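Note sheet for the following structure.
The values are calculated or read from the model by the stated rules, or taken from the named source; none is laboratory data. Computed from a prediction, not measured in an experiment: that's the story for all the values here. Neighbour counts are summed over all protein chains in view; Cβ atoms, including those assigned to glycine, are modelled from backbone coordinates with ideal geometry.
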Amino acid sequence: MRHHPRNPFVTRLFLAALLVGMNAYQTHADTTPQKRSSQNQAKTTKRRQRPKNPAMTPVEDIKGLPRVFLIGDSISIGYTVPTREALHGKANVHRPLTNCGPTTRGLEGLSQWLGDTNWDVIHFNWGLHDLKYLGPDGENLTDPKDPKNHQQVPPKEYEKNLRQLVSQLEKTDAVLIWRNTTPVPAGSKGRVEGDAATYNDIAKRVMAEHNIQIHDMYGSVKPEMETLMLPNGNVHFTKEGSEKLGNEVADVIMQALQKKATGN
């Protein structure tokens with residue numbers, strides 16, 4: 001094979017181009033991860049700066065006071081602080097430091113939430129997350145009219161889960177109070193008006209079988225939905241609404257504690 005002599009100028013030009021390309025690649029490799037890291041740090045800083053919900057602050061017990069445990073979703077998170085304030089000096093009011101979600105999450109987390117300490121009263125609820133609609137791939141709050149979508153925990157499964165949760169709660173020897181599920185307003189995204197009543201009927205049957213007191217929050221809220229709840233089909237409550245619920249919860253708990261103290 002015949003070899004052509006190399007042109008020194010072409011060789012130098014090729015090597016220079018190769019070097020520039022490598023430098024450019026290394027510059028991109030060095031700066032791109034740093035840019036991503038800066039973005040991630042900014043997001044982390046923003047999360048750290050977000051004020052913590054005071055309902056999620058761990059409670060240090062005042063010695064000698066009864067211990068109360070609130071279990072529930074964001075509705076209960078809203079009335080946790082008002083309940084604590086109403087029971088200040090009368091009871092230590094705790095809650096799981098999370099949204100307790102549907103009954104499926106309750107089954108996963110209840111043992112950890114309860115811990116190995118004693119409770120005098122446990123005020124509990126599941127429902128609004130059970131009855132909401134999800135998409136086929138778990139999309140949240142989807143259209144209930146779309147046949148592809150489904151309730152997160154259908155009624156039959158809800159009843160089965162609730163029975164298991166009640167059996168687990170009964171082992172604590174605490175006074176149990178079931179707080180039924182608050183109403184779903186018309187036009188609520190991913191939920192159907194009237195479903196709360198359906199799920200409450202199931203829970204009522206379960207609680208009756210176990211002789212557990214029912215705190216009828218649904219009944220107290222229903223006539224005042226427009227003044228207590230946020231507008232536009234929102235299932236949540238105004239600040240004033242949550243305060244009213246908290247005072248109501250405190251009253252129910254105090255009655256239970258008084259009965260327990262007198263043995264009635």
(request) Scan Gly115, Gly106 and give me the residue that is surrounded by 12 or more Cβ atoms within 10 Å (Cβ to Cβ) and of a type in the set (Gly, Ala, Ser). (result) Gly106
(request) For the stretch 184-196, indicate whether the set of residues that are hydrophobic (A, V, I, L, M, F, W, C), closer than 30 Å to Leu65 by Cα and in contact with an Asp or Glu (Cβ under 7 Å, 6 or more places away or on another chain) is non-empty. (result) no
(request) Quickly run through the stretch 138-159 and pick out the residues that are part of a loop (DSSP other than H, G, I, E, B), closer than 19 Å to Asp201 by Cα and in contact (Cβ under 8 Å) with a residue 12 or more places away in the chain. (result) Gln152, Val153
(request) Check off (1) outside any loop (DSSP other than H, G, I, E, B); (2) within 17 Å of the chain's Cα centre (by Cα) for Cys100 and give me the number that stays unchecked. (result) (1)
(request) Would you check which residues across the stretch 219-244 are among the hydrophobic types (A, V, I, L, M, F, W, C), in contact (Cβ under 8 Å) with a residue 40 or more places away in the chain and either surrounded by 19 or more Cβ atoms within 10 Å (Cβ to Cβ) or farther than 19 Å from Thr198 by Cα (or both) and list them? (result) Met229, Val235, Phe237
(message) Just to be sure before I move on: is Leu162 out of contact with any His (no Cβ under 6 Å at 6 or more places or on another chain) and touching a residue at least 12 places away in the same chain (Cβ under 8 Å) in the structure I sent?
(response) yes
(message) For the stretch 245-264: of the residues being in contact (Cβ under 8 Å) with a residue 24 or more places away in the chain and aliphatic (A, V, I, L, M), which is nearest to Arg191 (Cα to Cα)?
(response) Leu245
(request) Output the residues belonging to the stretch 217-264 that are hydrophobic (A, V, I, L, M, F, W, C) and closer than 20 Å to Asn92 by Cβ. (result) Leu245, Val249, Ala250, Val252, Ile253, Met254, Ala256, Leu257, Ala261
(request) Residues being surrounded by 14 or more Cβ atoms within 10 Å (Cβ to Cβ) and among the acidic types (Asp, Glu): count how many of those fall in the stretch 196-218. (result) 1
(message) Testing Lys132 on (1) surrounded by fewer than 21 Cβ atoms within 10 Å (Cβ to Cβ); (2) of a type outside the set (A, V, I, L, M, F, W, C); (3) in contact with a Gly (Cβ under 8 Å, 6 or more places away or on another chain), one condition comes back false. Which one is that?
(response) (1)
(request) Please work out which residue is surrounded by the most Cβ atoms within 10 Å (Cβ to Cβ), limiting yourself to the stretch 169-188 and to residues that are under 22 Å from the mean Cα position of the chain (by Cα) and either outside any loop (DSSP other than H, G, I, E, B) or without any contact (Cβ under 8 Å) to a residue 40 or more places away in the chain (or both). (result) Arg179
(request) Would you check if Val221 is assigned to a helix (DSSP H, G or I), more than 20 Å from the chain's Cα centre (by Cα), closer than 17 Å to Asp73 by Cβ and of a type outside the set (D, E, K, R)? (result) yes
(request) Please name all residue pairs, on different chains or six or more residues apart, with Cβ atoms under 7 Å, provided the first residue is in the stretch 125-137 and is over 14 Å from Val153 (Cβ atoms) and the second residue is at pLDDT 95 or above and not hydroxyl-bearing (Ser, Thr, Tyr). (result) Gly135/Lys148; Gly135/Asn149; Pro136/Lys148
(message) Of everything in the stretch 192-206, what is within 14 Å of Pro154 (Cβ to Cβ) and not acidic (Asp, Glu)? Give them in sequence order.
(response) Val192, Thr198, Tyr199, Ile202
(message) Which count do you get for residues in the stretch 55-84 that are in contact with a strand residue (DSSP E or B) (Cβ under 7 Å, 6 or more places away or on another chain), in a helix (DSSP H, G or I), among the β-branched types (Val, Ile, Thr) and farther than 19 Å from Asp216 by Cβ?
(response) 1
(message) Given the condition within 16 Å of Tyr79 (Cβ to Cβ), part of a helix (DSSP H, G or I) and hydroxyl-bearing (Ser, Thr, Tyr), answer yes or no: does some residue in the stretch 189-209 qualify?
(response) no
